[in-house]
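Beneath this line is the structure, given in structure tokens, with notes to follow.
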Amino acid sequence: MAEALDAEPMREAARRLLKGMPDGPTILDVGCGAGGMSVLFAEELASVGAKIVLVDATEHLLAEAHRVVRAAAGDRATVETIHADVADDALAAKLPPADLVWASRVVHHLPDQQAAIDTLARAGGLVAISEGGLDFNCLPWDLGIGRPGLEDRLLAARGEWFAEMRAGIPGSVPMPYGWNVALHQAGLTDIDSFGVLIHHPAPGPDLLREFIVERLTWLSEVAGDRLADDDHETVAALVDPANPAFLGARQDLFLQGAKTIHCGRRS
Ligand SMILES: C[S@@+](CC[C@H](N)C(=O)[O-])C[C@H]1O[C@@H](n2cnc3c(N)ncnc32)[C@H](O)[C@@H]1O
């Protein structure tokens, strides 16, 4: 659902990253998930062909990514998969040299983020990492149920969860600086970043409401006991199709946020 909602602005980002690439480029999508961005790369490159290499540690996501990217790629492209842990020191030797290395929302899952970026930098090319940006907002401040400001409290709890998640990764290494510095330390040059605005005004399509119900369910799960009981009760009502407060019946939900793409080049 997220990929479908992001597709239009992310296609613009894909075009921007592919600009100036040689014909038939090699693209590595590291932590590819279900393959949404590589589908866009494949569609954009359908006329010139490409070699697209998908890397992920989760086998069923990798299989799904292979299926959808293969379907989008046309006859002129090859699509390969590497089932691997990006934190594995041996990975660098398995990655082919690439014109573009794309890694979206995977580096923050890894114990040593700088080491992971070093690995990606050895394969690039242009290295583009999507991390950070602006959190997604989707709810009116006053929902008419529970205390106003629920989304702010959910996002604050998610922030605390994230810090604990990072600290709890075995072998977690702090990276007390920003992504541009990390790319520089990996030996990359021409370091830059750009933002991608994701904006679906209310009321939006049914898919938007479905996504927001899923998102709220997930946010309340990760919030756990960092969120007050009354807020949990409010979320339970909002995501229950049988409840009069069900979000799926509202016409005032929206989605607004931004992704930041940090780029550097191996010279
Ligand atoms: C938040 S998802 C991002 C998926 C996709 N790149 C996107 O931006 O929508 C993180 C992905 O990284 C993968 N991942 C997490 N830790 C990993 C690791 N250590 N090695 C390889 N892949 C990993 C997960 O399986 C998942 O597909």
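What length, rounded to one decimal in nm, is gained on full extension from Val48 through to Glu12, with 0.36 nm per residue of separation minus their alpha-carbon distance?
Values: separation 36, 0.36 × 36 = 12.96 nm, distance 1.81 nm.
The Val48-Glu12 span can extend by a further 11.2 nm.
Identify which of Ala71, Ala87, Ala242 has the largest mean-square fluctuation in a Gaussian network model of the chain, with springs joining Cα atoms closer than 10 Å.
With Cα springs under 10 Å in the chain, the top fluctuation among Ala71, Ala87, Ala242 is at Ala242.
Using a cut-off of 27 Å between alpha-carbon atoms, which lysines can reach Lys94, once sequence neighbours fewer than 8 places away in the same chain are excluded?
Cross-link targets: Lys19, Lys51.
What is the diffusion coefficient of segment 1-137 in µm²/s, taking the Kirkwood radius over Cα pairs and the Stokes-Einstein relation at 37 °C with a viscosity of 0.692 mPa s? Walk me through the intermediate numbers first.
Numbers: Rh = 14.9 Å.
Translational diffusion coefficient: 221 µm²/s.
Over segment 2-265, what is the percentage of antiparallel beta bridges among all DSSP beta bridges, to the nearest 5? Before the final figure, lay out the partial values.
Working: 18 of 38 bridges.
The antiparallel fraction comes to roughly 45 percent.
Per the Kirkwood formula on distinct C-alpha pairs, the Rh of segment 95-228 is how many angstrom? Please report the intermediate quantities before stating the final value.
Details: mean 1/r = 0.0574 Å⁻¹.
Hydrodynamic radius (Kirkwood, Cα only) of segment 95-228 equals 17.4 Å.
Give me P(r) over segment 31-70, computed from all C-alpha to C-alpha distances, binned every 5 Å, as integer percentages.
Here the calculated profile for segment 31-70 is 6, 30, 33, 19, 9, 3, 0.
Counting residues in the chain as N, plug N into 2.2 N^0.38 Å and put the Cα Rg over that result. Walk me through the intermediate numbers first.
On the way: Rg = 19.7 Å, N = 267, 2.2 N^0.38 = 18.4 Å.
Dividing the Cα radius of gyration by 2.2 N^0.38 Å gives 1.07.
Counting other beta carbons within 10 Å of each Cβ, put Lys94, Lys19, Lys51, Lys259 in order, fewest first. Walk me through the numbers on the way to the answer.
Working: Lys94 12, Lys19 8, Lys51 18, Lys259 21.
Listed from fewest to most nearby Cβ atoms, that is Lys19, Lys94, Lys51, Lys259.
Counting other beta carbons within 10 Å of each Cβ, put Ile117, Ile145, Ile261 in order, fewest first.
Values: Ile117 27, Ile145 14, Ile261 22.
By the 10 Å Cβ count, ascending, the order reads Ile145, Ile261, Ile117.
Can you sort Ser130, Ser267 by how many other beta carbons sit within 10 Å, fewest first?
Details: Ser130 22, Ser267 7.
With the fewest neighbours first, Ser130, Ser267 line up as Ser267, Ser130.
So which residue, out of Pro244, Pro97, Pro148, gets the largest mean-square fluctuation from a GNM of the chain using Cα contacts under 10 Å as springs?
Pro244
With each pseudo-label sitting 7 Å past Cα toward Cβ, what's the Leu207-Asp142 distance in nm, one decimal?
Using points 7 Å along Cα→Cβ, the separation is 3.4 nm.
Where Lys and Arg each count +1 and Asp and Glu each count -1, what net charge lies around Ile169 among other residues with Cβ under 14 Å from its Cβ? Provide the component values of the computation, followed by the final result.
On the way: positive: Arg166; negative: Asp85, Asp112, Glu164.
Every neighbour counted, the sum reads -2.
Could you work out the Kirkwood radius for segment 183-267, taking every pair of different alpha carbons, averaging 1/r and inverting it, reported in Å?
Hydrodynamic radius (Kirkwood, Cα pairs) of segment 183-267 is 15.6 Å.
Rounding to the nearest 10 and keeping the result within 0 to 90°, find how far the Cα-based axis of helix 206-223 lies from the longest principal axis of the chain.
Once rounded, the angle reads 80 degrees.
Amide H to amide H, which residues 5 or more places from Ala77 or on other chains are under 5 Å from it, using H placed in the peptide plane?
Residues meeting the amide H criterion: Ala50.
Can you tell me the orientation of helix 2-18 relative to the chain, as the angle in degrees between its alpha-carbon axis and the longest Cα principal axis, to the nearest 10?
30
Give the long-range amide H neighbours of Ser130: residues separated by 5 or more places, or on another chain, with amide H under 5 Å away, using H modelled in the peptide plane at 1.01 Å from N.
Residues meeting the amide H criterion: Ala103, Ser104, Arg105, His262.
Which residues does a label at Glu214 reach in segment 48-85, if reach means a backbone N under 15 Å from a point 7 Å past the Cα toward the Cβ?
Answer for this model: 61, 64-65.
Rounded, prolate or oblate: which one fits segment 42-111, using the alpha carbon gyration tensor with axes a ≥ b ≥ c (rounded when a/c is under 1.5, else prolate when a/b beats b/c, else oblate)? Please list the in-between numbers first.
On the way: a/c = 2.12, a/b = 1.68, b/c = 1.26.
Note, shape of segment 42-111 comes out prolate.
Bear in mind these aren't lab numbers, they're just calculated from the coordinates by the rules spelled out. Because the structure is a prediction, the values reported are computed rather than measured. Note that we place each Cβ from the backbone using ideal geometry, even for glycine, and neighbour counts take in every protein chain shown.
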